[in-house]
Structure formats: structure tokens, C-alpha cells
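Heads up, the thing below is written out as C-alpha cells.
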Amino acid sequence: MEGPLQTSIHVCRENGQWMSRLPEKLWDIPLYYLALPGSHDTMTYCLDKNSAVSGNESKLVKFLNKCMPCIVHPIIMKWSTTQVLTVTEQLEAGIRYLDFRIAHKANDPSMNLYFVHMVYTTVTVQDILWEVLRWLETHPQEVVILACRNFDGLTEKLHCHLIACIKEIFQCKLCPRNVVPTLRTMWQRGHQLIVSYEEDVEVEEHCELWPAIPYWWGNKTATRALIHYLERMKRMGRPEKFFVAGINLTENLRYILVHPFGSLKKMTLQSLPCLKIWIKQQYPGQKKDCINIIAGDFIENDDFVKDVIELNTKINPPLHCQSKGAGTNSISL
């Protein structure tokens, strides 16, 4: 941690079983009406320091990295890393939405797939899928949402390969999209994984895949601007099923130049006190201004996971955001 920016790291082991401990009155509520903690850019804890810049980045970034790798590459690493906990540690901390940005390396003749955020990871997608399975097998009443996104460099053949791997590894743990995903239903059927896939053609062909989950990405460098964006999205109305409210800030070139000794971690930690207040004011449910998944960076900090899970105590079936003024509170800026 960086000096005065240090915050409380609170990875509560009890959060590893939090879904199984929810009161029975919540077992028949669809998961898209509960509050679920998620991690943004889940796999950046294992970015490869020696990796080439991904094929999806701008020609300018690639050129600068090629000309001045000793300067540019460390900067890329500082501003690309959004998590420090492994997948297993994130799940054990209570995260139930994993944001997987999947890519195939340019000029790689193999079928290996990696995760990407400006640069590629050291681990393959297949290895992490097996890791998620191992965790699910030891937590039979927990449900995880796995969002497969980005697909940088994936051909039709590679999509087929990835989907085949997902089916082979998780088998009956996959929840088909025609199922209303309540905890009781999923426990009865042995389902533990919902896979959303950001490729409509593939979703149509495979009943085990769910459509892409909307992600409210503010693309803001300032906390207040991000909260204003999220409140504006709430006023427009939540999607019908799963969706993510991203509380992650996003750097741009100007911000990096103004903060030459900064990092995404410093940027995030500075925003947490204000975002914590916003999170505590939210309500899960099906009303227009209710939330569902809240995803953030460096999820081990400042009781983020605990605060999101505790939002479910506000639900009183029949499902309505019933508290006086529910969903109308907004953070004072």
C-alpha cells in the first residue's frame, strides 16, 4: 500500500459462503434482483511483464512501447493492473461476478487463449476455468457469473474452441438461459455458473450461454463525475435482467501525464471513501432505480464486498424496494 492512501484490507473468509447463508426469504428471488459484488478486469493480477502490447491497442501506444520499452512498459503495467487477488482469493472474498477479457495473441499458431488489459496475462483461459471449477466444487451452494468479453483476435474456430472448453469443464454446473436463476432453483438443479458471452451468434447456438451483460462504464477520472454518471443511468432505468454498475475510475493520457508518479491503484484508493457512501445508499430489486451487480477495482479494500452483500438486507419479499424513499437517495456532492 502507498503511505497515506492505505485503507483497511478486509477479505472476510466468511464471505466465501455468503450466498448459502442468505435468509430463505431470498432464495426464490432471481439473482438479477439481488446485490452481487463483482471485480472489474478480474485477471489483471497476473499480467505478463514481458508481454507485447495487445493487438487492440492504438498504433501510437505500440510505437512508443517499441521505441521506449523501458519507460512505456512500466507505465502500462501501473495503469493496467486493477486487481491483486487471484481468482480463487476473489471468490473466497465474496466476489460473484468475474469480468474476463479474452484474447488470442497475434501471430500465435496455437489455440491458447489469454486474458488481456493492454498486455496479456501469464496464465491461459483454460487454466483459470479449471481453477473456478475447483472452487465451485468446494462451495456447492455458491453461484458465480462469468462474463466473457472483449474477444480480441478470436476467430470463429477459436470461439468454438472456447465454448467447447467451457462446456467440457463445467458440464451440468452451467445454468441454461431459459432458467429463472433463483438460488433455490439452481441448488435443486446443481447449477452454479452463469456464463454471459459477448457474441450474439454464439449465444443463439448454445443454450448454456447468456447474452452479454450490460456494463455501466462511466469512463471518468473523477469520483464525483462517475457518481453523477451512475445516478443518471439509474434515472434512465435498470435493464430487465443482469447488469453491472461499474464503480471503477478510468485514466486517460492527460491524467497519466499530470500524475507521472501515479497508478490506477492510487487513483482507486483515493475514490473509495466517496464511493463507499454511494454503495451504502443503493437498493437491490426490480424497480427502475435499483441496482444488481456492483463491480470495482482492488476489491479487497475498504469493505467493498461486505458493503455490497449487506444491501440484500434491504429486500423484503414480495420483491419491492420498500424502504421509505427507496432508490431516491443520492450522494451529496
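Every read-out reported here was derived from the displayed coordinates using simple, explicitly stated rules and does not represent laboratory data. All values reported here derive from a predicted model rather than from experimental measurement. Cβ sites come from the backbone with ideal geometry, for glycine too, and all protein chains shown count toward neighbours.
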If you take the square roots of the eigenvalues of the alpha-carbon gyration tensor of segment 174-333 and sort them as a ≥ b ≥ c, do you get rounded (a/c under 1.5), prolate (a/b over b/c) or oblate?
-> oblate
Under a plain spin-label model, where a point goes 7 Å from the Cα along Cα-to-Cβ, how far apart in nm are GLN281 and GLN141?
-> 3.5
With each pseudo-label sitting 7 Å past Cα toward Cβ, what's the TRP187-LYS49 distance in nm, one decimal?
-> 4.6
Centre separation in Å (Cα based) which lies between segment 239-257 and segment 109-179 | 23
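Using alpha-carbon pairs under 8 Å, 6+ residues apart, how would you state the relative contact order of the chain in percent?
24
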If R0 = 35 Å, then GLU14 and CYS274, at their Cβ-Cβ distance, give a FRET efficiency to the nearest 0.05 of 0.85
Stretch GLU131-VAL201 to full length: gain in nm at 0.36 nm per residue minus the Cα-Cα span?
-> 22.5 nm
What full-extension length gain, to one decimal in nm, is calculated for THR313 and VAL84 as 0.36 nm per residue of separation minus the Cα-Cα distance?
-> 79.6 nm
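Sum up the charges of everything whose Cβ sits under 14 Å from the Cβ of THR155, counting Lys and Arg as +1 and Asp and Glu as -1, but leave THR155 out.
So the environment of THR155 carries a net charge of -3.
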Simple spin-label estimate for ASP28/ASN107, 7 Å along Cα→Cβ, in nm, reads 6.0
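According to the square roots a ≥ b ≥ c of the eigenvalues of the Cα gyration tensor, what is the shape class of segment 13-313, taking rounded for a/c under 1.5, prolate for a/b larger than b/c otherwise, and oblate for the remainder?
Oblate, since a/c reaches 1.5 and b/c is not below a/b.
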Which of the lysines could be linked to LYS306 by a straight reach, that is with a Cα gap under 25 Å, when you skip same-chain ones fewer than 8 residues away?
-> LYS25, LYS220, LYS234, LYS241, LYS265, LYS266, LYS276, LYS280, LYS287, LYS288, LYS314, LYS324
